[in-house]
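A.B. asks: One structure follows; several queries about it will come next.
The values are calculated or read from the model by the stated rules, or taken from the named source; none is laboratory data. Since the structure is predicted, the reported quantities are computational estimates derived from the model, not experimental observations. Glycine also receives a Cβ, built like all others from the backbone with ideal geometry; neighbour counts cover every protein chain displayed. Just so you know, the surface numbers come from the protein's heavy atoms only, side chains and all, with ligands and any DNA or RNA stripped out. Shrake-Rupley method; radii C 1.70, N 1.55, O 1.52, S 1.80 Å.
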Amino acid sequence: MSAETVRHYGAGPYRVAVIHGGPGAPGSASGLARGLCRWCGVLEPLQTRQSVAELVAELARQLDPYAPVTLIGHSWGAWLAVLTAVRFPELVSGLILIGCPPLEERYVPAIERCRRARLQPAERARYLALQRQLATAGTGPECEAALAEFGAWCGRLDSFQPLPAEPEEPVAVSPMDHIRIWAEAAELRRSGALLDTFCRWRGPLTVMHGTWDPHPAPGVTAPLLRRGVAFSFRLLPRCGHTPWCEALARDSLFSLLRRELGGEVATSERA
């Protein structure tokens, strides 16, 4: 494994790792890592593999030199964090999930209903045209272009009051990786295997969710409660899917995270 696959923020010891979303969007959690490294050393593993099992194994290798660590997973990264923690519990001391997608299929249609309700009629026409194109374009260049544009639409619709973009290296999104991995991940959700995996985690678990996030918070909390999984829940008002990019929620997010990471922060500050 090359050193470039794990970015380091702040000074060690590195007891926290941010797990990016996508799939196929390595680097998209860099803003989260930069905000956290004021208080503790932070890792940002960049995932490169093309199946769920390979991604879990890759992340385990990336974490192993620093274990145990707290994983903060965003969006798809929340799922990957849990899948890895259950498979390799010795590497993970706790889990914090931000903007976690629904754990059961029944909650998925609410995401699309919410996004479409936020569109003007002219916008809705283009949005629906992109969806039709993605359903029929296969895996060629046209699909990649449509997926990139559709992702930009979702980014806007999923935000409440976004901050200006920070100057940083652009995230090199891989549409084909997204399509391959998400198809496999979605099947895990449909089959119930994803929720079963969540239920096997026995360590600390915190779920953070924005009130403006189209991904419904009950899609995470209700299945966990029904299955008797112990977790803490933090609802962020006036906040979309990516809280550290939200003008009205960023400070609240990092205050909450600093409290959740109390032990790791204290260790880093003593170092």
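A.B. asks: For region 1-74, which semi-axes, largest first and in whole Å, follow from the square roots of 5 times the eigenvalues of its Cα gyration tensor?
C.D. replies: Square roots of five times the eigenvalues give 19, 14, 10 Å.
A.B. asks: Expressed as a rounded percentage, what relative contact order does the chain have, with Cα pairs under 8 Å and six or more residues apart?
C.D. replies: 23
A.B. asks: Roughly how many Å² is the accessible area per residue of the chain, as a whole number, for a 1.4 Å probe?
C.D. replies: Heavy-atom SASA per residue in the chain reads 45 Å².
A.B. asks: Taking the radius of gyration and the Kirkwood hydrodynamic radius from Cα positions alone, what is the Rg/Rh ratio for region 202-249, to two decimal places?
C.D. replies: Radius of gyration relative to Kirkwood radius: 1.02.
A.B. asks: Also: Using the Cα centre of the chain as the reference point, and only Cβ charges (+1 on K/R, -1 on D/E), how large is the resulting charge dipole? Debye, rounded to the nearest 20.
C.D. replies: The calculated dipole for the chain is roughly 840 debye.
A.B. asks: Hey, what do the phi angles of region 87-94 turn into as Karplus ³J(HN,Hα) couplings, whole Hz, using 6.51/-1.76/1.60 and θ = phi - 60°, x for Gly and Pro?
C.D. replies: With coefficients 6.51, -1.76 and 1.60, one gets 6, 10, x, 5, 8, 10, 9, x Hz.
A.B. asks: Evaluate the charge dipole of region 1-91 about its Cα centre and quote only its size in Debye, nearest 20, assuming +1 on the Cβ of each Lys and Arg and -1 on the Cβ of each Asp and Glu.
C.D. replies: Value, rounded to 20: 220 debye.
A.B. asks: Using a 1.4 Å probe over the heavy atoms of the protein chains, calculate the carbon and sulfur portion of the accessible area of the chain as a whole percent.
C.D. replies: Using a 1.4 Å probe with all protein chains present, the chain comes out at 55 percent carbon and sulfur.
A.B. asks: Compute the length gained on full extension between residue 149 and residue 105: take 0.36 nm times their separation in residues and subtract their Cα-Cα distance, giving the result in nm to one decimal.
C.D. replies: Fully extending the segment from residue 149 to residue 105 adds 13.4 nm.
A.B. asks: Could I ask something else about it? Suppose the chain between residue 232 and residue 191 were pulled fully straight at 0.36 nm per residue; how much longer would it get relative to their current alpha carbon spacing?
C.D. replies: Extending this stretch completely gives an extra 12.2 nm.
A.B. asks: May I pose another question? Can you give the direction-averaged projected area of the convex hull of the alpha-carbon atoms in the chain, in nm²?
C.D. replies: Answer in nm², one decimal: 13.7.
A.B. asks: Going by amide H atoms built from the backbone, whose H comes under 5 Å of the H on residue 206, apart from near neighbours?
C.D. replies: It is 95, 96, 97, 232, by chain and number.
A.B. asks: Find the Rg to Rh ratio for region 1-134, where Rh is the Kirkwood radius over alpha-carbon pairs and Rg uses the same atoms.
C.D. replies: For region 1-134, the value is 1.06.
A.B. asks: Taking Cα pairs under 8 Å and at least six residues apart, what relative contact order does region 64-108 come out at, in percent?
C.D. replies: Computed over region 64-108, the figure is 46 percent.
A.B. asks: Separate question: Taking 7 Å along the Cα-to-C-beta vector as the label spot, tell me the residue 114-residue 57 distance in nanometres, rounded to one decimal.
C.D. replies: About 3.5 nm separates the two model spin labels.
A.B. asks: Let me ask something else. In the chain, with Lys and Arg counted as +1 and Asp and Glu as -1 at Cβ, which of these residues, 102, 17, 224, has the Cα nearest the positive end of the dipole, that is, farthest along it?
C.D. replies: 224
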